Amino acid sequence: MKTFKLHCIRHGITQANLDGTYAGGGLDVPLCAQGVEELQNLQQKYTYPVVPVVFSSPMQRALQTAELLFPHVAEKIVVEDLRENIFGEFEGRKVEELLGDERFAQWLNPESGFVPEGGESGKAFAARTANALYAIMEYMIKNEIPEAACVTHGGVIMSMLSQKGLPQQPPKNWMVKNGCGFTVQTSAAMLMRDGSVELVQTLPNSR
């Protein structure tokens, strides 16, 4: 059975990460100097996969990470649906400030159905990320690309793989640090059956 591997990697650190500021799909922040340095350190210490194609979120932090980790890959494809969840009114606000906001508490409860003003519902985000994973794997299969990388956001990776990853695990088990991620694989039969992918390993690999 022919399989196709996708290396899902979270972007490097931003100043918003360091400041504890909510930066989702509505706040396009770049990598900070520390984020660039830490990615370079990871490259020196570990091995990232050699791939012919890189799929990326359209946001600066992901595009910059893709360039740093895969500088020699000419084919970089921007996938709009790899954008982070849009936090709406919570964008740009610090977590410590939001902890006292009742609407924020509602939003964190998936059963509430609450959507922040200008934000994206959990249901819509889940559907978008699952569709993105399917579209990428379908593209790889149709174009006979055996291996590719996907540079995106922590929330996107967690959403995609908690829905479609095997073995099935709760979302918290799919959380990753900046510059790290998971390698997953699928086959044409698996993708057609239920859109699932199976976990191969964590990233990056030790030399």
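The values are calculated or read from the model by the stated rules, or taken from the named source; none is laboratory data. This structure is a prediction, so every number in the text was calculated from the model and none was measured. Don't worry about glycine lacking a Cβ; one is built from the backbone with ideal geometry, like all the others, and counts go over all protein chains shown. When the accessible area is computed, the model is the full protein with side chains, heavy atoms only, and any ligands, DNA or RNA have been set aside. Shrake-Rupley method; radii C 1.70, N 1.55, O 1.52, S 1.80 Å.
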Query raised in the report: Name the residues in the stretch 146-166 that are closer than 15 Å to residue 4 by Cβ and open to solvent by 10 Å² or more (accessible area, probe 1.4 Å), would you?
Result: 146, 147, 164, 166
Report task. Kindly provide the set of residues from the stretch 102-127 that are among the acidic types (Asp, Glu) and assigned to a helix (DSSP H, G or I), ordered by number. Result -> 102
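For every residue, the table says whether it meets (1) in contact (Cβ under 8 Å) with a residue 40 or more places away in the chain; (2) surrounded by fewer than 20 Cβ atoms within 10 Å (Cβ to Cβ).
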{"site": "1", "(1), (2)": "yes, yes"}
{"site": "9", "(1), (2)": "yes, no"}
{"site": "41", "(1), (2)": "no, yes"}
{"site": "75", "(1), (2)": "no, yes"}
{"site": "100", "(1), (2)": "no, yes"}
Query raised in the report: Got at least one residue in the stretch 148-168 being in a helix (DSSP H, G or I), over 25 Å from residue 32 (Cβ atoms) and hydroxyl-bearing (Ser, Thr, Tyr)?
Result: yes
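Against the definition (among the charged types (D, E, K, R) and out of contact with any Ser or Thr (no Cβ under 9 Å at 6 or more places or on another chain)), how does residue 172 come out, yes or no?
When the stated conditions are applied, residue 172 does not pass them.
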Query raised in the report: Restricting to the stretch 104-135, what's the tally of residues that are of a type in the set (Lys, Arg) and open to solvent by 60 Å² or more (accessible area, probe 1.4 Å)?
Result: 1
Report task. Among the residues of the stretch 167-207, write down those that are open to solvent by 40 Å² or more (accessible area, probe 1.4 Å) and under 17 Å from the mean Cα position of the chain (by Cα). Result -> 169, 170, 171, 172, 173, 175, 177, 198, 199, 200, 201, 202
Query raised in the report: Residues of the stretch 179-207 being assigned to a strand (DSSP E or B) and without any contact (Cβ under 8 Å) to a residue 40 or more places away in the chain, which ones?
Result: 198, 199, 201, 202
